[in-house]
Amino acid sequence: MNMIKVTINDMPIEVQEGTTIHDAAKKLKIKIPTLCYHPDLSVAGNCRICVVEVKGSRTLVPSCSMPVADGMEIYTNTLKVRKARKDVIELLLAEHNMDCTKCYKNCNCELQAIAKDYISENDRFIDVAIKKHIDKSSPSYQKDDSKCIKCQRCVRTCIELQHVGAFTMAHKGEHVAVETFLDLPINEVVCTNCGQCVNRCPTGALTEKHYIEETWAALADPDKYVVVQTAPAVRVALGEALGFEPGKRVTGQMVTALKRMGFNAVFDTNFAADLTIMEEGFELLGRLKKALLEKKPTVLPMMTSCSPGWIKYIEHEFPTLLDNLSTCKSPQQMFGVMAKTYYAKKMKIDPAKMVVVSVMPCTAKKFEADRPEMNSSGYKDVDYVITTRELALMIQQAGIDFPALEEEKCDSILGDYTGAAIIFGATGGVMEAALRTAYEVVTGRDVPFKNLEILPVRGMEGVKQATIKIEGCLPDWKFLEGVELKVAIAHGLTNARTLMQLVEKGEAPFHFIEIMACPGGCLGGGGQPIPTNLEIREKRMAAIYAEDRGLPVRKSHENPEVQMLYKEFLKEPNSHLAHELLHTHYRKREKY
Amino acid sequence: MINEKLKKYKKKIDIIFSDTDCPAILDKGLKMSADDIIKELIDSGLKGRGGAGFPTGLKWKFASQQKESKKYVVCNADEGEPGTFKDREILDKQITKVLVGMAICAHTIGADEGYIYLRGEYNYLIPQLNKEIEKFNAELKKRKVNFNIYIKSGSGAYICGEETALIESMEGKRGEPRNKPPFPVVEGYLNKPTVVNNVETFVYTAMIIQNGAKFFKDLGTKDSRGGKVFSVSGDTPYPGIYELELGMTLEEFVELFGDGDTKAVQVGGASGFCVPRRKFKDTIIGFEGVPTGGSMMLFNSSRSMYNVLHNFLEFFCEESCGQCTPCRVGCQQLLKGIESVKNKKLSPKYLDDLRNMSDTMRNSSKCGLGQSVPNAFNSILENFKEEVIY
């Protein structure tokens with residue numbers, strides 16, 4: 001690799017060939033503002049905020065896309081640069097909805113942040129903001145074109161990161177806009193509701209549909225019994241929206257805050273994650289038994305079904321593979337059903353008066369809760385889903401001094417969880433949890449990995465594979481003796497597509513596949529604090545595995561509250577009642 | 001009407017539309033080495049005839065130096081600049097010369113595939129062009145030249161005349177200009193080295209190969225070597241297509257083509273410069289003065305320059321790809337700005353704010369479209385301020 005010598009603001013620096021001016025400046029502690037640039041996506045170079053002066057160049061140069069050349073003399077703060085930057089900001093403001101105080105992204109908007117730095121005048125130019133209706137068709141998020149700055153981050157996210165392509169740039173000139181196919185409402189196209197676009201939108205053009213007021217109303221209603229569950233990935237990211245560095249675990253404080261907000265019971269989705277492992281683990285063993293012992297035609301590989309973005313994706317794109325999916329509901333939904341049946345019965349609460357709120361790192365979970373089949377309890381199993389971001393907002397609204405809170409523990413009987421549950425929040429976590437239980441059920445021993453940490457399934461690589469040889473089986477499972485269990489894990493829908501294309505062709509030699517729609521798994525979900533980048537997601541991942549390591553019980557089948565649930569209510573995994581309440585079905589959706 | 005003055009004009013030339021022995025040029029070119037061809041073109045001083053004016057020899061040199069085995073030759077026949085209709089004529093009457101130029105380019109850089117990106121509005125030419133291309137491809141095959149030419153159709157977007165937007169369109173994507181670098185000669189069509197040249201440019205390369213660099217260099221001026229095909233329109237008794245030496249003054253030009261009452265000439269189309277009568281004597285038509293891809297529009301005193309400017313700005317608002325902020329929003333601001341001043345919603349002082357903002361369009365837009373909008377805006381405003389305001 002050649003080294004290139006340039007000067008920036010008369011300061012010399014040597015960088016690798018191919019480095020952009022923007023990155024070279026960063027090494028000199030110079031921050032050049034950007035809008036359309038995002039570290040997870042390809043370089044666009046369309047907003048023109050990042051332009052700088054380069055000696056000898058006819059025009060100003062976009063620092064996000066221009067690679068350095070030997071001898072380049074770059075200036076990032078000349079009068080010319082500042083004027084251009086101010087003009088670009090004010091042109092953006094001229095085509096923007098200026099109702100910031102009413103906007104969900106107020107004070108967390110990248111356009112606002114840059115405009116603030118340049119003390120921009122917002123009516124220097126003629127107002128050309130569009131007044132199109134807001135697309136509220138999706139239960140997960142909404143699209144407000146009046147706040148779009150045409151940076152194309154959402155389009156690039158949906159195409160490059162997720163390979164779904166629900167959005168495209170349409171038309172040109174003054175009419176250019178982000179649109180769906182034929183400008184149909186979002187809920188009528190292939191959008192999976194994964195919310196990755198929401199995570200990367202710099203303004204308030206794409207925001208989740210919030211259920212904050214509904215939740216407050218339920219909490220204030222003396223007639224209602226409101227319970228809350230929190231997903232594993234929430235506790236390692238909630239802090240980011242409340243002043244902490246990425247990777248800070250705030251589990252105990254989160255529980256305290258929820259109790260203070262007035263929930264009648266504060267539970268944990270992790271409880272249901274352990275439950276899911278019981279149901280799904282035995283479902284997998286059942287399929288393996290059918291295939292290897294009974295030698296009947298069996299649908300393999302089995303694929304996880306807890307990611308609702310993934311479920312909508314496979315329903316659109318690979319409907320012939322729906323039978324591969326586990327019939328298990330997601331932990332969120334299993335929790336809702338258990339709350340309104342098992343828990344309600346035990347505590348003698350009228351389930352009609354129970355409201356289940358779930359805090360999720362996810363936008364697709366809002367869609368999942370609304371799926372018409374999610375009412376096995378006899379009521380809507382999960383009433384409201386709020387994202388990590390919404391919870392942070394509610395905590396602030398309630399005046400809770402979050403950093404100063406004491407730590408508390410969840411309530412019983414749906415609040416206990418193991419380390420296997422917490423790792424659901426990371427890609428590979430569901431797989432690892434399932435293996436920890438399945439292996440022990442079959443052999444009576446721990447998985448043959450140090451500290452129960454199945455490293456081959458962990459990490460940020462897009463598609464991961466592992467093989468585990470099953471040896472020393474208990475009598476009931478002798479048919480698995482010597483079997484090399486092959487598993488695969490993919491996160492992000494692009495990687496899911498790669499795997500599914502192999503499965504379609506019959507070239508996937510796996511028994512079990514875990515798919516998460518979001519990069520990094522749930523920890524990178526569409527409802528997590530903004531901004532997101534690989535570094536932040538890696539810190540959240542480290543926090544999740546640290547929490548697992550620190551827990552006394554780390555295998556789902558050893559969760560005492562789950563054991564009690566089976567003993568008193570469900571009887572055994574995949575029982576008739578379990579199937580009725582905790583399992584579901586899927587449906588084919590159109591490709592366009 | 002026959003232009004008697006033009007018949008006697010010493011700078012009238014006849015290269016592009018002349019009768020030529022195309023097969024002979026092809027054979028001559030194929031026998032030359034890449035280095036010799038490049039040397040000839042650089043020596044001739046030929047610059048791109050689409051309007052941007054990049055030295056052709058240099059472009060072919062860069063492409064030939066790339067170590068990629070797959071390369072492309074693309075003929076930019078998108079001819080979208082308002083008032084330009086000369087490529088249409090060249091394609092209609094001299095297609096073989098274009099193809100010869102493309103083949104010699106392919107030989108020089110090492111390309112095996114060539115495309116003519118034909119403006120969608122010229123689709124009616126496709127049947128006749130395909131017939132000639134089929135004949136030409138057969139001639140190449142006879143000479144054991146591994147190069148085939150195909151036509152790709154545009155879909156009616158001015159921005160696809162910009163070389164990287166053109167390439168995006170060829171790839172089936174939105175016609176949005178790319179970041180440069182990398183330039184097409186390094187990463188172009190399908191990310192392979194690609195030479196994109198205008199129709200007229202390819203013809204001149206063929207003629208330079210036939211007659212040598214000197215014959216071309218002897219025409220025009222130091223900075224604007226050679227000849228140029230102009231498409232003349234507007235308030236003129238002699239609208240049409242004419243090939244003339246570069247470097248004449250606008251005074252000479254208006255003397256030939258004006259109707260006696262020429263108030264202004266728009267040189268270079270909507271993205272060019274408006275030259276008022278009082279500047280005709282001192283303005284050269286060429287790269288050292290006001291360059292043009294061929295479009296020459298004459299306006300007499302019956303024309304409102306406000307209407308002219310309004311028309312250009314409307315054009316840009318519609319044709320901008322919309323990708324980058326300065327162009328997308330800037331074009332709208334200029335258009336709505338002059339309307340607001342005209343109907344007294346804003347004071348004439350606002351035009352100074354617009355001129356100020358247009359500097360950012362010029363130095364920060366992603367491509368030549370946004371960078372050129374200020375040309376018409378500023379030159380019309382500067383020279384016809386009263387007409388714009390009142």
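This table checks each residue for (1) surrounded by 24 or more Cβ atoms within 10 Å (Cβ to Cβ); (2) under 18 Å from A:THR192 (Cα atoms); (3) within 16 Å of the chain's Cα centre (by Cα); (4) at pLDDT 95 or above.
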| position | (1), (2), (3), (4) |
| --- | --- |
| A:GLN332 | yes, yes, yes, yes |
| A:TYR342 | no, no, no, yes |
| A:LYS353 | no, no, no, yes |
| A:PRO361 | yes, yes, yes, yes |
| A:PRO372 | no, yes, no, yes |
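Look at the stretch A:220-233: where a residue is closer than 17 Å to A:VAL359 by Cβ and a partner is of a type in the set (Asp, Glu), sitting 6+ places away or on another chain with Cβ atoms under 7 Å, you get A:GLN229/A:ASP268; A:THR230/A:ASP268.
Going through the stretch A:200-220 one residue at a time, which ones are touching a strand residue (DSSP E or B) at 6+ places or on another chain (Cβ under 8 Å) and not in a helix (DSSP H, G or I)? Those that are touching a strand residue (DSSP E or B) at 6+ places or on another chain (Cβ under 8 Å) and not in a helix (DSSP H, G or I): A:CYS201, A:ALA205, A:LEU206, A:THR207, A:GLU208, A:LYS209, A:HIS210, A:TYR211. Filtered by the rule that a residue be more than 25 Å from B:GLY368 (Cα to Cα), in contact with a Leu (Cβ under 8 Å, 6 or more places away or on another chain) and of a type in the set (Phe, Trp, Tyr), the stretch B:141-177 gives a lone residue, B:PHE147. In the stretch A:389-423, the residue that is farthest from the chain's Cα centre (by Cα) out of those that are small (Gly, Ala, Ser) and surrounded by 17 or more Cβ atoms within 10 Å (Cβ to Cβ) is A:GLY415. Taken over the stretch B:353-380, the criterion of being among the small types (Gly, Ala, Ser) and away from chain A (no Cβ under 12 Å) is satisfied by B:ALA376, B:SER379.
Contact map, the stretch B:20-48: residues that are farther than 24 Å from B:GLY247 by Cβ paired with residues that are surrounded by fewer than 15 Cβ atoms within 10 Å (Cβ to Cβ), Cβ distance under 7 Å, separation 6+ or inter-chain. Pairs shown: B:LEU30/B:ARG143. Scanning the stretch A:79-111 for residues that are in a helix (DSSP H, G or I) and in contact (Cβ under 8 Å) with a residue 60 or more places away in the chain yields A:GLU110, A:LEU111. Residues that are part of a helix (DSSP H, G or I) and more than 13 Å from A:ALA421 (Cα to Cα) within the stretch A:259-279 comprise A:LYS259, A:ARG260, A:MET261, A:GLU279, listed in sequence order. Filtering the stretch A:31-44 to residues that are within 11 Å of chain B (Cβ to nearest Cβ) and either more than 24 Å from A:THR532 (Cα to Cα) or surrounded by fewer than 23 Cβ atoms within 10 Å (Cβ to Cβ) (or both) leaves A:SER42, A:VAL43. Applying the set (1) within 9 Å of chain A (Cβ to nearest Cβ); (2) of a type outside the set (Phe, Trp, Tyr); (3) crowded, with 21+ Cβ neighbours inside 10 Å; (4) in contact with a Leu (Cβ under 6 Å, 6 or more places away or on another chain) to B:SER340 leaves exactly one unmet item: (3). Considering the conditions (1) within 10 Å of another protein chain (Cβ to nearest Cβ); (2) under 27 Å from A:MET1 (Cβ atoms); (3) touching a residue at least 60 places away in the same chain (Cβ under 8 Å), A:ILE49 is excluded by exactly one of them, (2).
Here is a yes/no grid of residues against (1) within 14 Å of chain A (Cβ to nearest Cβ); (2) within 26 Å of B:GLY268 (Cα to Cα); (3) buried (at least 16 other Cβ atoms within 10 Å of the Cβ):
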position: B:GLY154; (1), (2), (3): yes, yes, yes
position: B:PRO181; (1), (2), (3): yes, yes, no
position: B:ILE209; (1), (2), (3): no, no, yes
position: B:THR221; (1), (2), (3): no, yes, yes
position: B:GLY227; (1), (2), (3): no, yes, yes
position: B:PHE230; (1), (2), (3): no, yes, yes
position: B:THR236; (1), (2), (3): no, yes, yes
position: B:LEU244; (1), (2), (3): no, yes, yes
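Taking the condition within 13 Å of chain A (Cβ to nearest Cβ) and either closer than 24 Å to A:GLU121 by Cα or of a type outside the set (Val, Ile, Thr) (or both), does B:TYR350 pass? So B:TYR350 fits the description; yes.
Name the one entry in A:LYS290, A:LYS296 that is assigned to a loop (DSSP other than H, G, I, E, B) and either within 23 Å of the chain's Cα centre (by Cα) or more than 29 Å from A:MET360 (Cβ to Cβ) (or both).
Numbers: A:LYS290 fails: assigned to a loop (DSSP other than H, G, I, E, B).
None of the others qualify; the one that does is A:LYS296.
Suppose we keep only residues that are of a type in the set (Val, Ile, Thr) and over 17 Å from A:ALA205 (Cβ atoms) within the stretch A:68-100. Which one would you say is surrounded by the fewest Cβ atoms within 10 Å (Cβ to Cβ)? Applying the filter and picking the extreme gives A:THR78. Once the stretch A:146-196 is narrowed to residues that are touching a strand residue (DSSP E or B) at 6+ places or on another chain (Cβ under 8 Å), within 18 Å of A:CYS362 (Cα to Cα) and surrounded by 22 or more Cβ atoms within 10 Å (Cβ to Cβ), the residue that is nearest to the other protein chains (Cβ to nearest Cβ) is A:CYS154. Filtering the stretch A:149-199 down to residues that are in a helix (DSSP H, G or I) and of a type in the set (Val, Ile, Thr), which residue is nearest to the chain's Cα centre (by Cα)? So, considering only residues that are in a helix (DSSP H, G or I) and of a type in the set (Val, Ile, Thr), the one nearest to the chain's Cα centre (by Cα) is A:VAL198.
Of the residues making up the stretch A:546-576, those that are under 16 Å from A:LEU435 (Cα atoms) and assigned to a helix (DSSP H, G or I) number 4.
Scanning the stretch B:1-22 for residues that are surrounded by 13 or more Cβ atoms within 10 Å (Cβ to Cβ) and out of contact with any helix residue (DSSP H, G or I) (no Cβ under 7 Å at 6 or more places or on another chain) gives B:LYS11, B:ILE13.
The values are calculated or read from the model by the stated rules, or taken from the named source; none is laboratory data. Since we're looking at a predicted model, the values are computed, not measured. For neighbour counting, all protein chains shown are included, and Cβ atoms are generated from backbone atoms with ideal geometry for every residue, glycine included.
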